[in-house]
1. Tell me whether the stretch B:152-170 contains one or more residues that are surrounded by fewer than 17 Cβ atoms within 10 Å (Cβ to Cβ), at pLDDT below 90 and within 27 Å of the chain's Cα centre (by Cα).
2. Residues of the stretch B:187-211 being part of a helix (DSSP H, G or I) and more than 7 Å from chain A (Cβ to nearest Cβ), which ones?
3. Can you name the residue in the stretch B:185-213 that is surrounded by fewer than 22 Cβ atoms within 10 Å (Cβ to Cβ) and closer than 30 Å to residue B:141 by Cβ and is also modelled with the highest pLDDT among such residues?
4. Look through B:462, B:393 and report the one residue that is surrounded by 22 or more Cβ atoms within 10 Å (Cβ to Cβ), touching a helix residue (DSSP H, G or I) at 6+ places or on another chain (Cβ under 6 Å), closer than 29 Å to residue B:490 by Cα and within 14 Å of another protein chain (Cβ to nearest Cβ).
5. Restricting to the stretch A:132-145, name every residue that is modelled with pLDDT under 95 and not in a loop (DSSP other than H, G, I, E, B).
6. Do the conditions hold for residue B:505, that is, is it under 30 Å from the mean Cα position of the chain (by Cα), under 30 Å from residue B:478 (Cα atoms) and part of a strand (DSSP E or B)?
7. Of the residues in the stretch B:303-362, how many are buried (at least 17 other Cβ atoms within 10 Å of the Cβ) and in contact with a strand residue (DSSP E or B) (Cβ under 7 Å, 6 or more places away or on another chain)?
């Protein structure tokens, strides 16, 4: 936990000069994608930015942070897993519904599911899709907690 | 300066090799550090370490008038006041800083790559100069856990020829199996949101934007490129060892928050990454391979390949490409059904309870969810509608077992490095109205529809600064035939799911025919927009509405403005040759309306001779008021 605090503190320092650029998250549920705000950019600028690889944000984001959303239960204090699930909620939902995919296998890896148990893990999650994603506004904390409890069921 | 180093010496004398002790010169300051600092500086000066290649790499020094100059512009990066231009003073100041306890964070933590190199090279005895704790650095290193590295190439967007130059960034891979958990290292200009296009171009070209390195989770970059911009990613796995990658990571960490003036054309995203790779393995020559005014990501990728740094490559298709492949695998009716699900016209339960076999149900629902997500990313459906619709489709999908059958894997396009080189020189011979001519042309960049398509996006063209000079031996005339400032074409086929707009913009000087067989150079601005479709066997069929402005003293009122359109076909018949046909009509609207009216028909057959050689056979006919001119031409192109 101390390490985590130091990391978070360090990163907030690095990010301080790019404070505005770091306000990327627009909520906590499905559809919480990181959109760059393009309202005040002309199409020309966007085309030019694509050509010349300019960017509106530059940051040392070694961790992305999940502090603004509800946290999972104490059982699941795995910062990497939490971050990943929060940032990839839509892709994870898609993979769980289909029972396979890169995002789902990444979650399995973060949870330490052995290679031999992955198929069973995937099927269990697929069968419990409704519990894991009960409603559009579902928060990642619920998703993580439910994935953990579902995967621990016989 | 406080003396340090004494305590560990007295506490752990037995840990020191006896030999080392004997070699240490007696000094009045011993075992204090002032004497040690002087000693290290002397060693460094004696061995001319300030001229060492690695010092040049770490400090971005390049030869400049009167010596060497760093490409870094941030004063924070230099410990000596004149460090940007004085490698020796910078080295000496770096050693001073290593002995300065008052610095926060300590110099070793702020510049870990410099420290480790000096420590190994001089070497610095950790007992006489104990290394301070660096908790932030250790935590960053722990989180990144660099074990191996990949060079990532983002190819051009299908419908944005301007992105054809591509983009490169690095990926630091740790112990995780999933590359999504790796970290991407990117170098980019930080641009001002308030700048307009002209300010942007000016500042970008002349180095008024600061360039910074950044580190972000790779999944963020995958989303940015593959999902939001619809660009394919090529992941080139390097053979850098763990030691080399760690060295590179230390250097990246010491570059955080340090800016260099960013020049779009040369000191850009791809060029600056080469310094990082040289920091990892100094025996390779990368930055010195690029001395031109224009460094493109694809050229830097070629350098990295030429230095043997790459072991293998993995292709990560864009979301649009994945969706297109799934649509090709599914039947026409299934694609229609998926589209209706995404638009909300059909409820997912209809599919689940419907008559389709389970595999096809899975296929329809997978395609529908991908497409819904795509529409949301394109902001074609609002978030609240998207959330419900997307989860509804996924919930239905979770009740269907199995996966859609895949008759063939997603076709992997030719890798970017397989494309022709981007500068082009041409020799042509032909006849205009029975009068023979010879022509030479040069184009600095980049790709046109008649060039070999391998490694490029089909239907995309971007040409900068092509100049052609023509000579008529008959009357000994030599004239500038054409100077294209910019000539962009984007033909993006529409299909059941994707509805892109095709467009073109061309501006520059071109030779126009006037009555009485007169030819004259006119300034042209010709934009257009419309649609394209893939129609077998014609290839890409396009219909564009166009306007055409031409300025020349030969026109009444000195200009002709017309409106009209063009119809074209572009077909790649085989790897070796293709056909490009176009018919275009412009009707005079303003200025010299009479001369502005023109009909042009052309047919070209590009033949690929090898990767960097091609032939183009073409015929063109121009018909206007009192102008009837036919031209045939054969062109030999060399790419370099």
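The values are calculated or read from the model by the stated rules, or taken from the named source; none is laboratory data. Keep in mind that this is a model prediction, so the values were computed, not measured. With ideal geometry, Cβ positions are generated from the backbone for all residues, glycine too; neighbour counts draw on all protein chains shown.
1. Within the stretch B:152-170 (the criterion being surrounded by fewer than 17 Cβ atoms within 10 Å (Cβ to Cβ), at pLDDT below 90 and within 27 Å of the chain's Cα centre (by Cα)), the answer is no, since none of the residues qualifies.
2. Of the residues in the stretch B:187-211, the ones part of a helix (DSSP H, G or I) are B:197-205.
Within the stretch B:187-211, B:198, B:199, B:202, B:203, B:205 qualify.
3. Start the filter on the stretch B:185-213 by keeping residues that are surrounded by fewer than 22 Cβ atoms within 10 Å (Cβ to Cβ), which leaves B:190, B:192-199, B:201-203, B:205-208, B:210.
Now narrow it down to the ones that are closer than 30 Å to residue B:141 by Cβ: B:190, B:210.
On the way: B:190: 79, B:210: 86.
Per the stated criteria, the residue is B:210.
4. On the way: B:393 fails: closer than 29 Å to residue B:490 by Cα.
Within the list B:462, B:393, the selection yields B:462.
5. Selection gives A:140, A:141, A:142, A:143, A:144, A:145.
6. Values: under 30 Å from the mean Cα position of the chain (by Cα): yes; under 30 Å from residue B:478 (Cα atoms): yes; part of a strand (DSSP E or B): yes.
So residue B:505 fits the description; yes.
7. 5
Let's see how each residue does on (1) in a loop (DSSP other than H, G, I, E, B); (2) more than 9 Å from chain A (Cβ to nearest Cβ); (3) in contact with a helix residue (DSSP H, G or I) (Cβ under 7 Å, 6 or more places away or on another chain); (4) crowded, with 22+ Cβ neighbours inside 10 Å:
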site: B:366; (1), (2), (3), (4): no, no, yes, yes
site: B:369; (1), (2), (3), (4): no, no, yes, yes
site: B:381; (1), (2), (3), (4): yes, yes, yes, no
site: B:384; (1), (2), (3), (4): no, no, no, no
site: B:412; (1), (2), (3), (4): yes, yes, no, no
